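One structure is given below, encoded as structure tokens.
Bear in mind that the values in this text are calculations on the coordinates, not laboratory data. Since this is a predicted model, take the numbers as computed values, not measurements. As a convention, Cβ positions derive from the backbone with ideal geometry for all residues, glycine included, and neighbour counts pool all protein chains shown.
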Amino acid sequence: MAAIELERLERRYGERVALGGVSVRLEEGQTLAVLGSNGAGKTTLLRVLAGLLRPHAGSARVLGAALPDERWRLPSQVGYLGHEPLLYRELTGRENLRYHADLHGVPHSRLQTVVTALEIDHRADEPVRDLSKGLIQRFAIARAVLHDPALLLLDEPRANLDPSAAELVEPLIGRSSGRTRVLVTHDVNGALEESDIALGLKAGRPVPVDAELYR
Amino acid sequence: MIAAARTILRKDLLIELRTKESVPAMVLFSITVYVLFHFGLDRDSLDGELASGVLWVTLLLAAVIGVSRLFAAESTQGGIDGLLLAPVDRTALFLAKAAAMFLFLTAVELVAVPAFALLLLGPGLGGAFPELLAVLLLGNFGMAAVGALVAALAAETRAHELIVPLLLLPLLVPVLISCAQATEPLFRQPAATEDLGRWLLLLTLYDVVFVLLSVAVFDFLLED
């Protein structure tokens, strides 16, 4: 069974077509790189795959769940890392992770494992508003993988991370994690290196990944 | 679902304790309005229907402030996405938000009602306190249920500060009528309890209907 099957997927915002004619098949354990300039529809695609937006036409099947009708099957299997860290600024990193662990029914021992792996234990009891963007990104990654999801939807996952932090997150969200991944990034060469399939988007339409993509 | 609602409620109370954005503003607003009535009406004491009306209109307007802030953290910090990405029934979110609003209103009344009695109320609260407590609790329940529903409806809109009062106040008219009518005899000299049972029954019915309605439609409010 394919992890993701999209057939002529379409999503509109009012009259504007944000995504149209997108067809992709991604097998379990593979990585799909989604490339394109700003406003190309990359984030919209991730949000549709996460079940946060309803597709308006075509078909979308994610981990066997037909969207939008079987959206309820996704949350326990999908880890979503978007532009927003989805962390409350007034809570500490640990309180945020405990909150998400409780919502997902994850034991707190798993929380400690992830915090230790990302080397954020020493800052976990400070309010998120006091943390640097790099540390917030590490806490956001911890949130996304806390429930050990089969599918990761990653929007610029290494944004704000220094090289050593980028190495730290690799076992959790990188290729070596063994998870199926959809990776949105502007780093074309890096994305092509670590992906099995690449999807270029321009004004919401699929286009070849070549020099014309960002023009 | 109850466990998830408890988790969300705990988070909301923790954020309110740290930010102090809702309850202190509601308390300050209520006391300010009572002071304004004190000078505006140029009377040292009110009783009967005037006292009852001033108490409940002020509490209702204070509730607007709380409802406007109820989904603030969710709207500005992506909390709704976080909840939709978790395997929890959306009803848990309604229950948590309604419970948070109920607790906020109760905390406000702990200060605002004695302040009202001190600044404006002629007969005093003493004799009719248990009856007033029952009206306050049922009124809070109704305001919390409708407030959570309206807050969710307005959360994703750009003009939510405008939408909240426009939707909330008309929906709360039955609560205002019931609470004011139930309270009016309690503020007479001497206090009476005529028709109290009838108004409390009406409030209970309103609360039950709005909780059921909110549970039924809440899922759809959070759809994109």
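Summary table below
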item	result
For A:V34, residues with placed amide H under 5 Å, excluding near neighbours	A:L183, A:V184, A:T185, A:L199
Those lysines that a straight Cα-Cα span of less than 24 Å connects to B:K11, excepting residues fewer than 8 apart in one chain	A:K133, B:K20, B:K97
Candidates B:D81, B:D42, B:D89, ranked by Gaussian network fluctuation over chain B, Cα under 10 Å, top entry	B:D42
Most mobile of B:T91, B:T157, B:T204 in a GNM of chain B (Cα contacts under 10 Å)	B:T157
Packing rank of A:143-154, B:143-154, where each peptide gets the mean count of other beta carbons within 10 Å, highest leading	B:143-154, A:143-154
Cα-based shape type of the stretch B:1-59, given that a ≥ b ≥ c are square roots of the gyration tensor eigenvalues and the cut on a/c is 1.5	oblate
Residues B:I2 and B:L61, FRET efficiency given R0 of 35 Å [Cβ-Cβ distance, rounded to 0.05]	0.65
Within 10 Å of each Cβ in A:82-92, the average number of Cβ atoms from other chains	6
Cα-based helix-to-principal-axis angle, B:23-40 vs chain B, degrees rounded to 10	30 degrees
Principal-axis tilt of helix B:2-19 within chain B, Cα atoms, nearest 10 degrees	70 degrees
Average partner coverage of B:79-92, which counts Cβ from other chains inside 10 Å	6
Highest-first arrangement of A:50-56, B:191-197, where packing means the average Cβ count within 10 Å	A:50-56, B:191-197
Three-way shape label, the protein assembly as shown, alpha-carbon gyration tensor, a/c 1.5	prolate
Relative contact order of chain A, defined on C-alpha pairs under 8 angstrom at six or more residues apart (%)	30 percent
Rounded if a/c under 1.5, otherwise prolate or oblate - the stretch A:1-42, Cα gyration tensor axes	oblate
Residue mean of other protein chain beta carbons inside 10 Å, A:73-79	2
Using alpha-carbon coordinates, inclination of helix B:160-171 to the longest axis of chain B, degrees	50 degrees
Simple spin-label estimate for B:L212 and A:K133 in nanometres, 7 Å along Cα-Cβ	5.2 nm
